[in-house]
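Structure record follows, encoded as structure tokens.
The values are calculated or read from the model by the stated rules, or taken from the named source; none is laboratory data. Bear in mind the structure is a predicted one, so any value in this text is a computation, not a measurement. As a convention, Cβ positions derive from the backbone with ideal geometry for all residues, glycine included, and neighbour counts pool all protein chains shown.
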Amino acid sequence: MQRIVMTALLAGALAGLAVFVLHMWQTTPLILHAEVFESGEAAAPNAATQEHQQAVDFTRHAYSLLADVITAIGFSFLLVGAMAISGRHIDWQNGIVWGLCGFAALFIAPALGSPPELPGMVAAELGERQAWWLGTAMFASVALALIFFAPGALSKALAALLLIAPHAYGAPHPVMEAGNVPAELAAQFAVTSLVVNGLFWMVLGGLAGYFYDRFEPA
């Protein structure tokens, strides 16, 4: 248990710091840009406004850092727990493969039906989207476990059904209407989120594999 906890905390904290840097570099500027379209107005460029905005930005970035680290630690516990249950030897190299599986189950599979959204974009009700995301991620996780750990054609067929089922049911979508965010900005955000999340899961998987191997009892 100590091995799992130490691995998950260290890998999650470091990966959370890494993804925070990626967010600040790539996705946060896109979100701030979209918020201008959402509000429909820009602040007057005076000293008082700039000073207030700097204070707001510092608080916002601090909360973003905290959220990224906590989220990464949570995902790390899921990943390391799965590694422990598998009973297989784990190092940083196959840890990256585990991370890519997490990326496929928790980002790619849900994003195929409900891609990342910017502020100001028209979206379905939040509770419906969260429920669909959770179901899709669970189905994809079980499907990947069947593909890699369960022999036989029947298990592979069941895995395929699990991957298809949430999309056959359909992700929740709002009544189609124009939003405030330009389509080009939304597309750029979706692609950037894909790259950032992929890098995050590779880093998390590699770190989890490294620490899990390092903390192996003698």
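Annotations for the structure displayed:
- Members of segment 83-107 found to be aliphatic (A, V, I, L, M), buried (at least 17 other Cβ atoms within 10 Å of the Cβ) and either at pLDDT 95 or above or not in a loop (DSSP other than H, G, I, E, B) (or both), listed by number: 83, 96, 104, 105, 106
- Any chance residue 37 is modelled with pLDDT under 95, surrounded by 16 or more Cβ atoms within 10 Å (Cβ to Cβ) and of a type outside the set (A, V, I, L, M): yes
- For segment 179-206, the tally of residues that are among the aliphatic types (A, V, I, L, M) and more than 17 Å from residue 106 (Cβ to Cβ) stands at 6.
- Any chance residue 128 is of a type in the set (D, E, K, R), surrounded by 13 or more Cβ atoms within 10 Å (Cβ to Cβ), within 28 Å of residue 25 (Cα to Cα) and under 19 Å from the mean Cα position of the chain (by Cα): no
- Cross-chain or 6+ apart pairs with Cβ under 9 Å, segment 7-22 first and at positive phi, then surrounded by fewer than 19 Cβ atoms within 10 Å (Cβ to Cβ) and among the acidic types (Asp, Glu): none
- Selection count where residues are outside any helix (DSSP H, G or I) and within 13 Å of residue 193 (Cα to Cα), scope segment 1-28: 0
- Annotation note: of 200, 149, 211, 189, the sole residue that is within 21 Å of residue 68 (Cβ to Cβ) and modelled with pLDDT under 95 is 189.
- Sub-7 Å Cβ pairs linking a first residue in segment 58-80 that is on the phi < 0 side of the Ramachandran plot to a second residue that is surrounded by 15 or more Cβ atoms within 10 Å (Cβ to Cβ) and polar (S, T, N, Q), at least 6 apart or interchain, are 80/7, ordered by first then second residue.
- Tabulated pairs, segment 130-157, first touching a residue at least 12 places away in the same chain (Cβ under 8 Å), second hydrophobic (A, V, I, L, M, F, W, C) and not in a helix (DSSP H, G or I), C-beta under 7 angstrom, 6+ apart or interchain: 132/171
- Test: residue in segment 155-177 that is in contact with a Pro (Cβ under 7 Å, 6 or more places away or on another chain) and either crowded, with 18+ Cβ neighbours inside 10 Å or over 28 Å from residue 14 (Cβ atoms) (or both): no
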